[in-house]
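Q: Okay, here's the structure, questions in a sec.
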Amino acid sequence: MSGLVLELQTAPWREHLQRTLVRYPGLVPVAKGNGYGFGLARLADETNRLGLVTLAVGTVFEVEKVRAGGFTGDIVVLTPWRPGNPLADALLTDSHVITTVSRLDDLTAISMQAPHARVLIEVLTSMRRHGIAPGQCKDAAAIMTPEGWSIHLPLEPGRLDEARELSLTAVDAHAAPVWLSHLSADEYRTLNAELPVDTRMRVGTKLWLGAPETRRITAEVQDIHAVHRGMAIGYHQRKPLRDGWLVVVAGGTAHGIGLEAPKSPKTLKHRLRILAKAPGEAAGLPLSPFTIGGKKRFFAEPPHMQASLLFLPGAHPGVRVGDRATVTARMTTTSFDELIEV
Ligand SMILES: *Cc1c(COP(=O)(O)O)cnc(C)c1O
């Protein structure tokens, strides 16, 4: 094992995937971005293993990537079609691609350009991201017969009433399956039982990133050096305020380490609390996501490309080259050197 590694307990992870499929009948796995840390090809393969023949991707650019992973079923593109994208235009005539459309003008353009295109019409929700107004459902269905309606709710719970109302408006305009996102399993099953059409539930995070106990991120300790107070170290030649140890670990900006997505205030407060607990050690250094000897350690300087420098003050920390540090990193923004199945 070397570099920055995702260790995955494959068997229990797959049990979780199976349980999720049972909780969401009509499940459509979502594979997008970095493949939730596993890679798009891997998620395509897992979708095949689940026996599912429909998969959703974020963008037209991801269609080829899930096909490269061996997926041959129907692929729903979640980003709505817009004019002027040659790849999106080409996919309109691909019989295994379902295009999301979120404006009447785009629907009209597609109806002329590719009248047999398979489309989902997205209805605007309280997310206010994409979608036709609910009052436009009848007009939309008159322009092109949709294969289904798309309803993408905010992550906040308690959206069943909104989902129900929008679904009924859409189904009243044209009876076609409703494709939902971000309802709880209970809400989804309630709505599924009520509606006179089939429903599909698109799930990414709760599917792939559920069962967090089945994975662990670790980084190889690549070097360790004694350093003294006042000795210049690192790219930026900063001088530590105490004697201690410089520990070089795998994982840097090239992996997405040290480039965190904006945090919610709650998490920020939590981080400040961690810093407040270790004031002497911090000495203005940023807390790193690497744990060594049971403690989160501080960066000696901001990480650079493939490795990070950590400063551990005091006595020898007892780590050796080849040991592994555990890392907390966001799966959706981290790229790993290796995925190791344990
Ligand atoms: C990304 C996306 C999803 C999946 O989101 P998760 O929060 O990862 O489950 C579902 N629906 C739509 C429309 C999306 O864009």
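Q: Would you mind telling me which numbered condition in (1) under 21 Å from the mean Cα position of the chain (by Cα); (2) farther than 19 Å from Ile143 by Cβ Thr100 fails?
A: Unmet for Thr100, out of (1) under 21 Å from the mean Cα position of the chain (by Cα); (2) farther than 19 Å from Ile143 by Cβ: (2).
Q: Please find, within segment 283-322, the residue that is most open to solvent (accessible area, probe 1.4 Å) out of those that are without any contact (Cβ under 8 Å) to a residue 24 or more places away in the chain and hydrophobic (A, V, I, L, M, F, W, C).
A: Ala315
Q: Tell me which residues, restricted to segment 127-146, are assigned to a loop (DSSP other than H, G, I, E, B) and open to solvent by 50 Å² or more (accessible area, probe 1.4 Å).
A: Met127, Arg128, Arg129, His130, Thr145 - these are the residues of segment 127-146 that are assigned to a loop (DSSP other than H, G, I, E, B) and open to solvent by 50 Å² or more (accessible area, probe 1.4 Å).
Q: If I ask for residues that are away from the ligand (no atom under 14 Å from the Cβ), within 13 Å of Leu339 (Cβ to Cβ) and of a type in the set (Gly, Ala, Ser), which ones from segment 35-52 would you list?
A: Listed by number, the residues that qualify are Gly39, Ala41.
Q: I want to confirm something. Restricting to segment 185-219 and keeping residues that are assigned to a loop (DSSP other than H, G, I, E, B) and within 12 Å of the ligand (Cβ to nearest atom), which single residue is most open to solvent (accessible area, probe 1.4 Å)?
A: Among those residues, the one meeting the criterion is Leu209.
Q: Keeping to segment 160-180, report how many residues are assigned to a loop (DSSP other than H, G, I, E, B) and open to solvent by less than 60 Å² (accessible area, probe 1.4 Å).
A: Looking only at that region, the number is 3.
Q: Out of the strands (runs of 3 or more DSSP E) lying entirely within segment 1-102, which hold 1 or more residues that are of a type in the set (S, T, N, Q) and open to solvent by less than 40 Å² (accessible area, probe 1.4 Å)?
A: 54-57, 97-101
The values are calculated or read from the model by the stated rules, or taken from the named source; none is laboratory data. Being a predicted model, the structure only gives us computed values, none of them experimental. Ideal geometry is used to build each Cβ from the backbone, glycine not excepted, and the neighbour counts take in all protein chains shown. For the accessible areas, the whole protein counts, side chains as well, though only heavy atoms, and no ligand, DNA or RNA atoms are used. Shrake-Rupley method; radii C 1.70, N 1.55, O 1.52, S 1.80 Å.
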